[in-house]
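Accompanying notes for the structure given below.
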Amino acid sequence: MGLVHRFIGTGTDFQWEGIGQQAYESSEVRGVSVRWLIGPAEGAPNFAVRYFEIAPGECTSLDRHEHDHGVVVLRGYGEVLLEDEVLEVSFGDAVYVSPNEAHQFRCTGDAPLGFLCVIPAPRSGNP
């Protein structure tokens with residue numbers, strides 16, 4: 001059955017009712033968080049929607065996956081590395097990351113870079 005996670009944030013604080021924030025960090029990544037808006041917890045069998053936020057000056061890990069991604073920037077300024085090309089991104093920009101394409105997002109502004117990221121249904125190990 002469908003459901004709604006209501007947006008309860010403000011212009012500077014992106015939060016949704018019933019959705020916790022998780023660190024998306026490793027030994028090489030700092031200042032990145034993720035919120036799983038739609039995924040296994042909601043019973044979504046085909047896709048997941050996540051909200052990422054990157055602190056100023058920080059970046060996601062350099063990744064390459066078998067699945068593609070759809071990304072829509074909701075706040076801030078940054079850059080996306082798509083294989084060998086670096087492109088600027090800001091509010092409203094939509095980014096397609098092809099399967100097996102090297103990619104990385106970096107916040108270049110004074111405020112966090114926030115974006116929605118849609119992926120196929122998560123495999124084991126994801127929430």
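Readers should treat all values here as calculations from the given coordinates under stated rules, not as data from a laboratory. No experiment lies behind these values; they were computed from the predicted model shown. Neighbour counts run over all protein chains shown; Cβ positions are idealised from the backbone, glycine included.
When Lys and Arg each count +1 and Asp and Glu each count -1, what net charge do the other residues less than 11 Å away from Phe115, Cβ to Cβ, add up to? With Lys, Arg at +1 and Asp, Glu at -1, the net is 0. For region 11-92, chymotrypsin sites (Phe, Trp or Tyr not before Pro) are listed when DSSP marks them as loop and at most 15 other Cβ atoms sit within 10 Å of their Cβ; the list is Phe91. Put in order of Cβ neighbour count within 10 Å, fewest first, the listed residues Ser27, Ser33 become Ser27, Ser33. Among Thr10, Thr60, sorting on how many other beta-carbon atoms sit within 10 Å of each Cβ, with the fewest leading, yields Thr10, Thr60.
In terms of surrounding Cβ atoms within a 10 Å radius of their Cβ, Asp110, Asp93 rank from fewest to most as Asp110, Asp93.
Across all C-alpha atoms in the chain, the radius of gyration and Dmax reach 14.1, 42 Å. Between Phe47 and Leu3, the contour length at 0.36 nm per residue exceeds the alpha carbon distance by 14.3 nm.
Dipole check for the chain: with +1 at the C-beta of Lys and Arg, -1 at the C-beta of Asp and Glu, and the Cα centre as origin, the magnitude is about 520 Debye.
Local charge for Trp16 was computed over the other residues whose Cβ lies under 15 Å away, with Lys and Arg +1 and Asp and Glu -1, and equals 0. The label point for Asp63 and the one for Ala111, both projected 7 Å from the Cα toward the Cβ, are 2.5 nm apart. When the GluC sites (Glu not before Pro) in region 39-78 are filtered for DSSP coil states and for at most 12 other beta-carbon atoms within 10 Å of their beta-carbon, the remaining sites are Glu66.
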